[in-house]
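**Student:** Attaching a single structure in structure tokens format; questions to follow.
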Amino acid sequence: MRISVITPSFNQAVYLERTLRSIHDQQGDFELEHWVIDGDSTDGSVALLEQWSDKLQFVSEPDRGQSHALNKGLAKATGEIICWLNSDDILLPGALARVADYFRSHAHIRWAYGSCLIIDEHDREIRRPITAYKNWLARRYSYTKMLLENFISQPSTFFTRELIETVGGINESLMYDMDYELWLRFGLVCDPGRIRANLAGFRFYSACKTGGDIDPTLRVAYELSRDYAAKVGKPWAGWLNYLGYYRRTSLLYRLMARRSLLGNGKKSAGE
């Protein structure tokens, strides 16, 4: 089984090598194909990629953003199973072996998700209650539940090349929540499987998209929920997304930011 990992990257040299190492330290009964789609970085990322060129394939050229980079990677991927791992996130040891075993033993499954830790800029696990909450939601999948709240973590989600070819690539009009929009399209075709293991680490820090002002991400998620809820005849689910997930999560992040600013002797992620 060939697994294609796509890594979109732009000026992430500070984290990139940790991402690369987490991918290429994977061992198991699978063939790894790794494409890094770099957006013409100027911070030393290209020199680093050249050092790794015996293990991966990369292009470095201007692009139209992350979604465009992902579609470029999808066009190049040849694996039966595909995932994308951003250049500041990591795969956990043994992740790809678990993924390969899962898809071999569940031949009818076309996409699957596992659990994902939240880590800081020093690779330390943080925000365990949020991880526990998402894992609790992820125990049982339903499309309606996904309309209410995106509980599927992008770094720990894998899908077949056949499925992405069926639904089409990443929505390039989206700067935020392109993963959620893809899951909503996947869900219209088939339900996912669940891999009961921690597969990846999502890095949370002040400069990442969800590390600063969370409201743009939440607003786009609500708009996507509203649109897809209307498509499946459940317009109420979009409003519940707004009243529940949007407002609750926005309040939670403001409280966490305030606590970080107040200090308590600790620095927040990204400081």
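The values are calculated or read from the model by the stated rules, or taken from the named source; none is laboratory data. Because the structure is a prediction, the values reported are computed rather than measured. We place every Cβ from the backbone using ideal geometry, glycine too, and count neighbours over all the protein chains shown.
**Student:** If you scan the stretch 19-31, which residues turn out to be closer than 20 Å to Leu70 by Cβ and touching a residue at least 40 places away in the same chain (Cβ under 8 Å)?
**Tutor:** Within the stretch 19-31, Thr19, Ser22, Ile23 qualify.
**Student:** Determine whether Gly114 is touching a strand residue (DSSP E or B) at 6+ places or on another chain (Cβ under 6 Å) and either of a type in the set (A, V, I, L, M) or modelled with pLDDT of 95 or more (or both).
**Tutor:** Answer is yes for this residue.
**Student:** Any residue in the stretch 184-205 that's polar (S, T, N, Q): show its pairings with residues that are in a loop (DSSP other than H, G, I, E, B) at Cβ separation under 7 Å, as long as the two are six or more apart or on different chains.
**Tutor:** Asn198/Leu92
**Student:** Among Leu199, Leu261, which is the only one that is of a type outside the set (Phe, Trp, Tyr) and at pLDDT 95 or above?
**Tutor:** Going through Leu199, Leu261 in turn, just one is of a type outside the set (Phe, Trp, Tyr) and at pLDDT 95 or above: Leu199.
**Student:** Can Ala269 be described as surrounded by 13 or more Cβ atoms within 10 Å (Cβ to Cβ), of a type in the set (A, V, I, L, M), farther than 28 Å from Leu182 by Cβ and at pLDDT below 95?
**Tutor:** no
**Student:** Separate question: Hey, any hits in the stretch 118-135 for a residue that's touching a Gly at 6+ places or on another chain (Cβ under 7 Å) and under 20 Å from Asp191 (Cβ atoms)?
**Tutor:** no
**Student:** For the subset of the stretch 221-253 comprising residues that are closer than 14 Å to Gly187 by Cβ and touching a residue at least 24 places away in the same chain (Cβ under 8 Å), which member is surrounded by the fewest Cβ atoms within 10 Å (Cβ to Cβ)?
**Tutor:** My answer is Lys231.
So that you can scan it fast, the table gives a plain yes or no per residue for (1) out of contact with any helix residue (DSSP H, G or I) (no Cβ under 9 Å at 6 or more places or on another chain); (2) surrounded by fewer than 22 Cβ atoms within 10 Å (Cβ to Cβ); (3) under 25 Å from Tyr102 (Cβ atoms):
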{"site": "Asp38", "(1), (2), (3)": "no, no, no"}
{"site": "Ser41", "(1), (2), (3)": "no, yes, no"}
{"site": "Ala47", "(1), (2), (3)": "no, yes, no"}
{"site": "Trp52", "(1), (2), (3)": "no, yes, no"}
{"site": "Phe58", "(1), (2), (3)": "no, yes, no"}
{"site": "Gly65", "(1), (2), (3)": "yes, yes, no"}
{"site": "Ala69", "(1), (2), (3)": "yes, no, no"}
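**Student:** Among (1) more than 23 Å from Val167 (Cα to Cα); (2) surrounded by 22 or more Cβ atoms within 10 Å (Cβ to Cβ), there is one condition Trp84 misses while meeting the rest; what is its number?
**Tutor:** Among (1) more than 23 Å from Val167 (Cα to Cα); (2) surrounded by 22 or more Cβ atoms within 10 Å (Cβ to Cβ), the lone unmet condition for Trp84 is (1).
**Student:** In this structure, is Leu163 at pLDDT 95 or above and more than 22 Å from Met1 (Cα to Cα)?
**Tutor:** Taking the combined requirement at face value, the residue does not satisfy it.
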